[in-house]
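Step one of this worksheet: look at the structure below.
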Amino acid sequence: MIDKKDFETMRKEIKDFDSQRDMLIKESRNVIRLSKEVIYSIHRNDMKQVPRLIAEMKKELDKITDMTKKHTELYYSPSYKIAVQEYVEAMAYYYFVTKKRLPTHTELEVRSDEFLLGLCDLTGELVRKAINSAINKDYKTAVVIKDFVFDLYVELLKFDFRNGELRKKFDGIKYDLKKLEDLVLDLKLKGRK
C-alpha cells in the first residue's frame, strides 16, 4: 500500500536540500565578509589587497550561484540575495573609485533586481567617502560624489518601484543625497568648493 522507497527517496531529497541550504548560508557569509573587506580597504586607500579580495569574493559568489542552479529554491534564500547585493555594492564602489563609473549588471553577471538593490546600498558608502574626502580637504571629490548620487537618483526615479524591499532602499537614497547636498552647500558657503 505504501511505497517505502518513494518515502526514502523524498527523505533523501529533503536532507540533501537542507544540507545545500546550510552550505549556502555559510558560503554567503564569506561573500558578505569579503565585500566588507573590499569596501573598507578602499576607504583606507589600501588598494594592494583589493584585487585579491575581489577575486576571492567572486569565487565564493560563483559557488553559491552554482548551488542555486542545482536547487532553484535556494535562489530565493535571503542569504543568497543579501550576498549578491553586498557583492554588487562592493564592486560598484570599486568601479566608482578606480574607473569613475558604475559597472553594468551584465558586467557583474547579476540580475537587474539584485543589481538595483546593491546600488541602493552603494550610496551610504559614497556618503562616507564624500565626508572623508571633505575632511581631507579633497572638496572636488565630495562634489563629484554628490553629482553622481544625484544622477543615480534621477535614473532610479524612472522606475516604478512598488512597495517592497527595493522601494524602501530607494527611499534611503533621498536621505543620502540630502546629506551630500548639505555637505556641498556647507563647503560652498565656506568658500571651499
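FYI, it's all coordinate maths here, none of it is from the lab. Being a predicted model, the structure only gives us computed values, none of them experimental. All Cβ positions, glycine included, derive from the backbone under ideal geometry; neighbour counts span all protein chains shown.
Summary of values
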{"read-out": "Förster radius 30 Å - calculated FRET efficiency between ALA55 and TYR75 (Cβ-Cβ, nearest 0.05)", "value": "0.80"}
{"read-out": "Gaussian network model of the chain, springs between alpha carbon atoms under 10 Å - residue of LYS137, LYS179, LYS146 with greatest fluctuation", "value": "LYS137"}
{"read-out": "Size of charge dipole - the chain - debye, nearest 20, with Cβ of Lys, Arg +1 and Asp, Glu -1, no other charges", "value": "820"}
{"read-out": "Table column - 3J(HN,Hα) (Hz), the stretch 166-178, Karplus curve with 6.51, -1.76, 1.60, x for Gly and Pro", "value": "5, 4, 5, 5, 4, 4, x, 5, 4, 6, 5, 5, 4"}
{"read-out": "The chain, relative contact order in percent, only Cα pairs under 8 angstrom and at least six apart counted", "value": "17"}
{"read-out": "J(HN,Hα) series, the stretch 115-122, from Karplus relation 6.51 cos²θ - 1.76 cosθ + 1.60, nearest Hz, glycine and proline x", "value": "4, 5, 5, x, 5, 4, 6, 4"}
{"read-out": "Derived scalar couplings ³J(HN,Hα) [the stretch 23-29; Karplus, 6.51 cos²θ - 1.76 cosθ + 1.60; whole Hz; x for Gly, Pro]", "value": "5, 4, 4, 5, 5, 4, 4"}
{"read-out": "Label point distance in nm, ARG128-SER19, each placed 7 Å from Cα along Cα→Cβ", "value": "3.8"}
{"read-out": "Part-to-part distance (alpha-carbon centres) for the stretch 1-33 and the stretch 44-67, which is given in Å", "value": "27"}
{"read-out": "Convex hull projection area averaged over all views, the chain, Cα basis, nm²", "value": "13.2"}
{"read-out": "The stretch 1-104, relative contact order [Cα under 8 Å, separation at least 6], %", "value": "32"}
{"read-out": "Set of lysines near LYS81 by C-alpha distance (under 24 Å), chain-local residues within fewer than 8 positions excluded", "value": "LYS15, LYS26, LYS36, LYS58, LYS59, LYS63, LYS69, LYS70, LYS158, LYS168, LYS169, LYS174"}
